[in-house]
Amino acid sequence: MSTPGPVEIPGAFAARYGANGPAERRWIGELPSLVSEFLERWTLLPDGPPAHGMAALVLPVRRADSSPAVLRLHHVRPDTAGVVAGLRAWGGDGAVLLLDHDEAGGAQLLERLDAARPLATVADDDAALLILAGLMARLTAVPAPPGLRRLAEVAAAMLDETPRAAPALRDPGERRLLRTCAAAVAELLDDPGDRLLHWDLHDGNVLAAAREPWLAIDPEPLAGDPGFDLLPALDQRWDTTGADPTRTVLRRFDLLTAALALDRPRATTWTLARVLQNALWDIEDGRTALEPTQAAIATTLLRHRSG
């Protein structure tokens, strides 16, 4: 196998990711040499231009036996530290298959899926949601492996931050909504669940595959209650679902909770926790209003919480 030339890191990825801070800029600077290191170590040849998501570089490759695969590299930090453990626990059941890895180096060799066919290309909203719900049910059926971050810790940190963050919201009603979400989460803090969560399962993180029709990618594994995984699916495709947000939220929530056999009030509370988390992140980024779609989801679920 010939020695490949240097792989060019996409400028948009380098600029956006490097803007996150000095550690991220250092990692971007080291990324070309990391790519070369793992291509050589795992006897890989590039098989197309690199792509990227929010946090990782993805390079299509061929292995020594000419089989297709993907080299994925991410900066190792707390929210990416459990990727290998999660993929190993799933073992390819509903998720992309892990072929090799270097956890310290933030590298995974993965089976090649069809990046041109995300679940987002399925036009029918109900059909796409059913596919997503089926994958979510399979993924969250797996007990979380030891060592993952736990929802109890994440939720406790959110509750600590809420009193400081809420005053940043301009609208008094939104401040009340944020505090109501926090109060609901506090009720379940001692019972956070122990399932293996994807944490970012939506129609952009599901790709068509040869081994199965659809497989999940890019997990941020967490140990907790499956209800905490529902919000990305509730929040997707919002502009194409009509003018009645209440009906949309309840239809999607009913479908997801039925597919996962979840207790509705409990799933409501953990979905409110996810709204709270996203709101706290937005406030940290300097925003002074809740994201309208997620505010509508929280308001609707609170109104129907006992259902």
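The values are calculated or read from the model by the stated rules, or taken from the named source; none is laboratory data. Because the structure is a prediction, the values reported are computed rather than measured. Please note: Cβ atoms are built from the backbone with ideal geometry, for glycine as well, and neighbour counts cover all protein chains shown.
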For this session: Could you tell me whether the range 246-253 includes any residue that is buried (at least 17 other Cβ atoms within 10 Å of the Cβ), under 22 Å from the mean Cα position of the chain (by Cα) and within 22 Å of Val154 (Cβ to Cβ)?
Result: yes
Exercise. Do you know which of the residues in the range 268-303 that are small (Gly, Ala, Ser) and over 18 Å from the mean Cα position of the chain (by Cα) is farthest from Cys181 (Cα to Cα)?
Worked result: Gly286
Problem set entry | Residue that is in contact with a strand residue (DSSP E or B) (Cβ under 6 Å, 6 or more places away or on another chain), assigned by TED's automatic domain parsing to the domain that holds Gln294 and among the polar types (S, T, N, Q), where the choices are Thr140, Thr162, Thr180 | Thr140
Exercise. Right, Pro60: in contact with a Lys or Arg (Cβ under 6 Å, 6 or more places away or on another chain), touching a residue at least 24 places away in the same chain (Cβ under 8 Å), in the same structural domain as Ala23 (by TED's automatic domain parsing) and farther than 25 Å from Ala233 by Cβ or not?
Worked result: no
Problem set entry | Test set (1) in the same structural domain as Arg179 (by TED's automatic domain parsing); (2) among the β-branched types (Val, Ile, Thr); (3) within 25 Å of Pro68 (Cβ to Cβ) - Val154 fails condition number | (3)
Exercise. How many residues does the range 17-57 contain that are in contact (Cβ under 8 Å) with a residue 40 or more places away in the chain, over 24 Å from the mean Cα position of the chain (by Cα) and under 29 Å from Trp281 (Cα atoms)?
Worked result: 0
For this session: Looking only at the range 94-104, decide whether some residue is outside the structural domain of Asp229 (by TED's automatic domain parsing), small (Gly, Ala, Ser) and over 30 Å from Arg237 (Cβ atoms).
Result: yes
For this session: Please specify each residue of the range 167-199 satisfying the condition of being buried (at least 20 other Cβ atoms within 10 Å of the Cβ) and not in a helix (DSSP H, G or I).
Result: Leu169, Leu188, Pro192, Gly193, Arg195, Leu196, Leu197, His198, Trp199
Exercise. Restricting attention to the range 258-284, which residues are among the acidic types (Asp, Glu) and either within 22 Å of Glu153 (Cβ to Cβ) or surrounded by 18 or more Cβ atoms within 10 Å (Cβ to Cβ) (or both)?
Worked result: Asp282, Glu284
Exercise. Taking the stated definitions as given, is Asp191 over 19 Å from Leu132 (Cβ atoms), of a type in the set (Asp, Glu) and at pLDDT 95 or above?
Worked result: no
Problem set entry | Flag if Leu169 is of a type outside the set (Ser, Thr, Tyr) and farther than 22 Å from Asp225 by Cα | yes
